[in-house]
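Visitor: Here it is, the structure, as structure tokens.
The values are calculated or read from the model by the stated rules, or taken from the named source; none is laboratory data. Since this is a predicted model, take the numbers as computed values, not measurements. Glycine also receives a Cβ, built like all others from the backbone with ideal geometry; neighbour counts cover every protein chain displayed. In case anyone asks, the SASA skips ligands and DNA or RNA and just uses the protein heavy atoms, side chains included. Shrake-Rupley method; radii C 1.70, N 1.55, O 1.52, S 1.80 Å.
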Amino acid sequence: QLQLVESGGGSVQAGESLRLSCVASEYVRRGYCVAWFRQDSGKEREAVAGVSFLNGRTYYVDSVKGRFTISQEYAKTTVYLQMNSLKPEDSAMYYCAAVAGLCYEGQWYQSEYYDYWGQGTQVTVSL
């Protein structure tokens with residue numbers, strides 16, 4: 001199975017920035033859709049952003065548009081999530097997920113769509 005490794009989480013104050021990384025080995029060869037999800041304690045897992053390695057298209061949920069940027073680096077098989085203007089409500093465990101194929105507008109945000117998951121990296125934003 002595909003192995004995904006997240007990094008870059010930490011504790012910051014509101015308004016500061018973090019950049020998360022997700023490293024794998026087959027994004028380019030298999031044309032993966034890769035997405036970031038987050039889950040806070042006792043809450044449902046929710047999608048944050050997605051990117052297609054096949055065509056480079058990106059997707060975001062409304063709550064992070066204008067603050068978060070997802071990008072891919074083909075040579076390093078890495079997906080990044082640049083998070084600016086962080087808010088306390090952004091605090092969560094952040095996971096990257098992948099599935100072979102395109103990211104479709106009606107599917108990318110559904111957790112059941114993905115076959116591979118990382119272990120997560122914790123983000124904590126305080127006032």
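Visitor: Among the listed residues Arg57, Arg45, identify the single one that is of a type in the set (Lys, Arg) and touching a helix residue (DSSP H, G or I) at 6+ places or on another chain (Cβ under 8 Å).
Guide: Being of a type in the set (Lys, Arg) and touching a helix residue (DSSP H, G or I) at 6+ places or on another chain (Cβ under 8 Å) holds for just one of Arg57, Arg45, which is Arg45.
Visitor: Being under 22 Å from Leu127 (Cβ atoms) and basic (Lys, Arg): is that true of Arg67 here?
Guide: yes
Visitor: Now a separate question. Could you figure out which of (1) small (Gly, Ala, Ser); (2) within 17 Å of Leu4 (Cα to Cα); (3) open to solvent by 30 Å² or more (accessible area, probe 1.4 Å) isn't true of Ser17?
Guide: So Ser17 meets the others, but not (2).
Visitor: Using beta carbons and a limit of 6 Å, which pairs, at least six apart or on different chains, have the first residue in segment 99-126 and farther than 19 Å from Glu6 by Cβ and open to solvent by 20 Å² or more (accessible area, probe 1.4 Å) and the second one among the aromatic types (Phe, Trp, Tyr) and not in a loop (DSSP other than H, G, I, E, B)?
Guide: These pairs meet every condition: Ala100/Tyr32; Gln107/Tyr113.
Visitor: Go over the candidates Ser25, Ser52 one by one and state the one that is in contact (Cβ under 8 Å) with a residue 24 or more places away in the chain and exposed (fewer than 15 other Cβ atoms within 10 Å of the Cβ).
Guide: Ser25
Visitor: Here is a further query. Mind listing just one residue for me: the one in segment 55-86 that is assigned to a strand (DSSP E or B) and without any contact (Cβ under 8 Å) to a residue 24 or more places away in the chain and, of those, least open to solvent (accessible area, probe 1.4 Å)?
Guide: Phe68
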